[in-house]
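Here's the structure, in structure tokens; my notes come after.
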Amino acid sequence: MTPTRMSRRVFPAIAMIIGVAVSVMVMFAAPPGAAQENGQGQGRPGDYIAIDGKVDQGTYDGYIAYTRACLACHGPDGLGSSFAPSLIKRVQQRTFSEFSNVVAAGLQIQPDMVMPSFADDDYVLRNIENIYSYMKGRAAGDIGRGRPRVIDEAQGQEPAQRREEDASAKN
Amino acid sequence: MLREMKYAIATIGLLAATTLQANDNQLELQSNPEYWATQLGNYQGNRYSQLDQINRDNIGDLRAMWQFSTGVLRGHEGGPLYVGDGRLYIHTPFPNKVFALDLEEQGRILWTYEPDQDPRVIPVMCCDTVNRGLAYADGRLFLGLANNTLVALDAESGELLWEASNGDHTKGETNTMSPLVVHDKVIMGISGGEFGIRGHMTAYNAETGEMAWRGYSNGPDKDVLIDPQKTLMMGKPIGEADLGVSTWPEGEWKRGGGAPWGWVTYDPELDLIYYGSGNPGSWNPQQRTVDGEPADNKWAITVFARDPNNGQVKWVYQKVPFDEWDYDGVNENQLIDVEINGEQRKGLAIIDRTGFGFLLDRETGELLVAEKFAPETNWASHYDMETGRPVVNEEFSTFRQGVNVNTTDICPTAMGAKNMQPSAYSPETGLIYAGINRICMNYEPYETEYVAGQPYVGATLTMMPAPVQEGDQEGRMGSFIAWDPVEGEVVWKTDERFAVWSGALATAGGLAFYGTLEGHVKAVNIDTGEELWSFKTPSGIIGNINTFQHQGKQYLGVLSGVGGWAGIGLAAGLEDPEEGLGAVSAFAALKDYTELGGVLTVFALPDA
């Protein structure tokens, strides 16, 4: 899984992802625990599987992406820092479209509090849904601190599909 | 009015003197124990004051006289300057305001300077928008803004005299450091080691802002200002040319980091400046190998001794060749004269990020002592004193463990066993006093690609408290230590709940001072470390405690305002890996103790 960065051509793609996500959220918004209870793979942003401290591959990727791209400001495990707020709290108040919009566009809250745009960062863009799922799992208390383990396929759990495949399918 | 006239006359005298060398003014101010004219107290970086009005006998009476809110929320590093004109000069993090405050009117604002900077600089500052403060000489104040603009202000009026651009924030170059004035030059480094910048130290004419010289941390010798036949390494000429190119994979030196963002010290007799360079670009060591093998990545994490007149490098000492842990080499180089093996040496002492306390000969760069001041340090067993190289422990080598492998329980953390918080040295005791961090880490390198202006990190980092040793306070994540730089041993230590991220101060009053991340200013007995006094400021302290005397009264001044890497890393608390799931951790969350907000607190004895 080599992160690469793409140029401007990503931007229309993310706009489309956001657009699709908005309609998905409006039509099919489901409580975050739903997929967990059903034991299903998670097709919708914010869904995750967490069993005995183990998570699906997509949510694990969300942890890794968070740690690579977000932790430096938002603190370990989504808990917030002196520099930027807790994302665990934020995802409880923001839909996926709002969340992904901030990641793509950035945010200026006060003159000295600025979040950068990740619109040019392909790795982050590909993992927005995964990060959102990881944060939803953290917010629900289903995922603890630190690096989660991935659910063993032999246990009969379907590993998550890579999200960029979902996105490209929608495109 | 009388005071103003007196200083007006003094100013005229100084103007007459400026036709000589500009640093005469800074040297003269430093030699007056009543002043605190440069961030580290003197050129040697000793943060020592001869003032003793505040001492062990009366420290219990020390009171906060007044406080001043800077109106800025971010981490407040550095501290106030006092140059004898009845004012305190302070600065803030981004937006980098400067205030001249009247010491006699409880901090009435005499003037304010606020530059207009592009806020897009904020997210390219890796670890908060901190700034380590002002420099002063000949009636001018100098400040390096976040966006790399070096400004000169008229200290009397706050008027902008000139500005010079030292870098481009859209490429990830930023500034956090305090410049240093030497001779007629203002010397300033750069930040951005996490954005693949190419580090450099640059000198500007103090009168005009015109660039005088620039020495890079990597690349060909002509850019680094090295002469391989003359520049010394471990006491001998380097010999081989262009090691700043050949110790990197093809072209990687161009984004090789080595940002010198810490403190610069200066020896007026040898006429040499000293500073350390930061981590090499990309935290993934695999991307810095040559033919798949570790390469030195020169001159990252290197102590440089340069001629301040032309930037030529007199000697180099690379503390960590082929960094695998982000052990930035920027910590201050304290210039101290020592007796070692019966011989008087001009020493240079470092309480380093790596957990090692170094002592070098500052004339030649020879390594004299390298011993652990943080006992948990495990990335290297020791230094080979012949080669000057660390003997790395394979178990904690993130290169040997591999890309996409999480190497666990490395000590210290990338924050360093000590970060930029400057230490103090007392010539009376011969000891160095420093706030340190007791934190370890897991580190997982991953492949990353360089894009200008984007983070170029290539490793994930998670932290945990250092294992508690016998006699340690339960749940401690920091300590304040007295270090013998010649014997290479800790003389005493006192543990703190959080990493100690403030600059230390030593005084002739038999006291050492430091601040805590909860916000306490503390005074301890310099001989034992016993706490004698403390005061809770409104926010965590990552600034430095400075002292000065005005009209017969000794003051202490400190900026509080939590932030910096400590605030980012410790706000949520660290998890003890030894504890089971659900255990209540003894390791506290900083956010339970303090919130943001910059405040200057000025202390004095009420009856003095």
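The values are calculated or read from the model by the stated rules, or taken from the named source; none is laboratory data. Here the structure is a predicted model, which means the values were calculated and not measured. With ideal geometry, Cβ positions are generated from the backbone for all residues, glycine too; neighbour counts draw on all protein chains shown.
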- Elements of type strands (runs of 3 or more DSSP E) contained in segment B:160-266, each with 2 or more residues being among the hydroxyl-bearing types (Ser, Thr, Tyr) and closer than 30 Å to residue B:418 by Cβ: B:200-205
- Note on the structure: The lone condition residue B:190 fails out of (1) buried (at least 24 other Cβ atoms within 10 Å of the Cβ); (2) over 24 Å from residue B:43 (Cβ atoms) is (2)
- Task: Can you tell me which residue among B:283, B:299 is assigned to a loop (DSSP other than H, G, I, E, B), touching a Ser or Thr at 6+ places or on another chain (Cβ under 9 Å) and within 23 Å of residue B:235 (Cβ to Cβ)?
- Result: B:299
- Note on the structure: How many residues of segment B:420-447 are of a type in the set (Val, Ile, Thr) and surrounded by fewer than 24 Cβ atoms within 10 Å (Cβ to Cβ)? The answer is 1
- Message: Consider segment A:52-69. How many of its residues are touching a residue at least 40 places away in the same chain (Cβ under 8 Å) and in a loop (DSSP other than H, G, I, E, B)?
- Response: 2
- Task: Hey, can you tell me all the residues within segment B:377-392 that are surrounded by fewer than 15 Cβ atoms within 10 Å (Cβ to Cβ) and not hydrophobic (A, V, I, L, M, F, W, C)?
- Result: B:381, B:382, B:384, B:386, B:387
- Hey, can you tell me all the residues within segment A:70-82 that are more than 8 Å from chain B (Cβ to nearest Cβ) and part of a loop (DSSP other than H, G, I, E, B)? A:70
- Could you check, for segment B:329-341, whether at least one of its residues is modelled with pLDDT under 95 and more than 14 Å from chain A (Cβ to nearest Cβ)? yes
- The residue that is nearest to residue B:212 (Cα to Cα), considering only those in segment B:143-159 that are small (Gly, Ala, Ser) and in a loop (DSSP other than H, G, I, E, B), is B:146
- Out of B:103, B:145, B:134, B:88, report the one residue that is under 20 Å from the mean Cα position of the chain (by Cα), aliphatic (A, V, I, L, M) and within 22 Å of residue B:549 (Cβ to Cβ). B:134
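Residues are listed down the side, and each one gets a yes or a no for (1) surrounded by 15 or more Cβ atoms within 10 Å (Cβ to Cβ); (2) assigned to a helix (DSSP H, G or I); (3) not small (Gly, Ala, Ser):
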{"site": "A:104", "(1), (2), (3)": "yes, yes, no"}
{"site": "A:109", "(1), (2), (3)": "no, no, yes"}
{"site": "A:114", "(1), (2), (3)": "yes, no, yes"}
{"site": "A:118", "(1), (2), (3)": "yes, no, yes"}
{"site": "A:125", "(1), (2), (3)": "yes, yes, yes"}
{"site": "A:129", "(1), (2), (3)": "yes, yes, yes"}
{"site": "A:136", "(1), (2), (3)": "yes, yes, yes"}
{"site": "A:145", "(1), (2), (3)": "yes, no, yes"}
- Query: Just wondering, is there one or more residues in segment B:90-102 that are part of a strand (DSSP E or B), among the small types (Gly, Ala, Ser) and away from chain A (no Cβ under 14 Å)?
  - Reply: yes
- Message: Condition first: surrounded by 22 or more Cβ atoms within 10 Å (Cβ to Cβ), of a type outside the set (A, V, I, L, M), within 14 Å of chain A (Cβ to nearest Cβ) and in contact with a helix residue (DSSP H, G or I) (Cβ under 7 Å, 6 or more places away or on another chain). Can you find one or more residues in segment B:465-477 that meet it?
- Response: no
- Right, residue B:335: free of Cβ contacts under 8 Å to residues at least 60 places away in the same chain, under 28 Å from residue B:266 (Cβ atoms) and not in a loop (DSSP other than H, G, I, E, B) or not? no
- Query: Pick from segment B:108-120 the residues that are farther than 24 Å from residue B:565 by Cα and either facing chain A (nearest Cβ under 10 Å) or not polar (S, T, N, Q) (or both): which of them is surrounded by the fewest Cβ atoms within 10 Å (Cβ to Cβ)?
  - Reply: B:116
- Single residue of B:568, B:542 found to be assigned to a loop (DSSP other than H, G, I, E, B) and within 14 Å of chain A (Cβ to nearest Cβ): B:542
- Of all residues in segment B:484-501, count the ones that are part of a loop (DSSP other than H, G, I, E, B) and either acidic (Asp, Glu) or under 23 Å from residue B:348 (Cβ atoms) (or both). 5
- Item | Of all residues making up segment B:519-556, the number that are in contact with a helix residue (DSSP H, G or I) (Cβ under 9 Å, 6 or more places away or on another chain), closer than 21 Å to residue B:56 by Cα and among the small types (Gly, Ala, Ser) | 1
- Message: List the residue pairs whose Cβ atoms are under 8 Å apart, where the first residue sits in segment A:102-116 and is over 17 Å from residue A:132 (Cα atoms), the second is of a type in the set (Lys, Arg), and the two are 6 or more positions apart or on different chains.
- Response: A:112/B:74; A:114/B:120; A:116/B:120
- Query: Does residue B:433 meet the test of being among the hydroxyl-bearing types (Ser, Thr, Tyr) and free of Cβ contacts under 8 Å to residues at least 60 places away in the same chain?
  - Reply: no
- From the list B:488, B:458, pick out the single residue that is small (Gly, Ala, Ser) and within 13 Å of another protein chain (Cβ to nearest Cβ). B:458
- Considering segment B:441-482 alone, what residues qualify as being more than 17 Å from residue B:590 (Cα to Cα), in a strand (DSSP E or B) and of a type outside the set (Val, Ile, Thr)? B:441, B:442, B:443, B:444, B:445, B:459, B:461, B:480, B:482
- Query: Limited to segment B:121-142, what total is found for residues that are more than 14 Å from chain A (Cβ to nearest Cβ), in a strand (DSSP E or B) and either in contact with a Ser or Thr (Cβ under 8 Å, 6 or more places away or on another chain) or of a type in the set (Ser, Thr, Tyr) (or both)?
  - Reply: 2
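Here is a yes/no grid of residues against (1) part of a strand (DSSP E or B); (2) within 22 Å of residue A:85 (Cβ to Cβ); (3) modelled with pLDDT of 95 or more:
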site	(1), (2), (3)
B:514	yes, no, yes
B:517	no, yes, yes
B:573	no, yes, no
B:576	no, no, no
B:579	no, no, no
B:584	no, no, no
- Considering each of A:148, A:85, A:116 in turn, give the residue that is of a type outside the set (Lys, Arg), over 12 Å from the mean Cα position of the chain (by Cα) and at the interface with another protein chain (Cβ under 8 Å from one of its Cβ atoms). A:116
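This table checks each residue for (1) on the phi < 0 side of the Ramachandran plot; (2) surrounded by 18 or more Cβ atoms within 10 Å (Cβ to Cβ); (3) more than 14 Å from every other protein chain (Cβ to nearest Cβ).
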site: B:366; (1), (2), (3): yes, yes, yes
site: B:370; (1), (2), (3): yes, yes, yes
site: B:375; (1), (2), (3): yes, no, yes
site: B:396; (1), (2), (3): yes, yes, yes
site: B:401; (1), (2), (3): yes, yes, yes
site: B:409; (1), (2), (3): no, no, no
site: B:414; (1), (2), (3): yes, yes, no
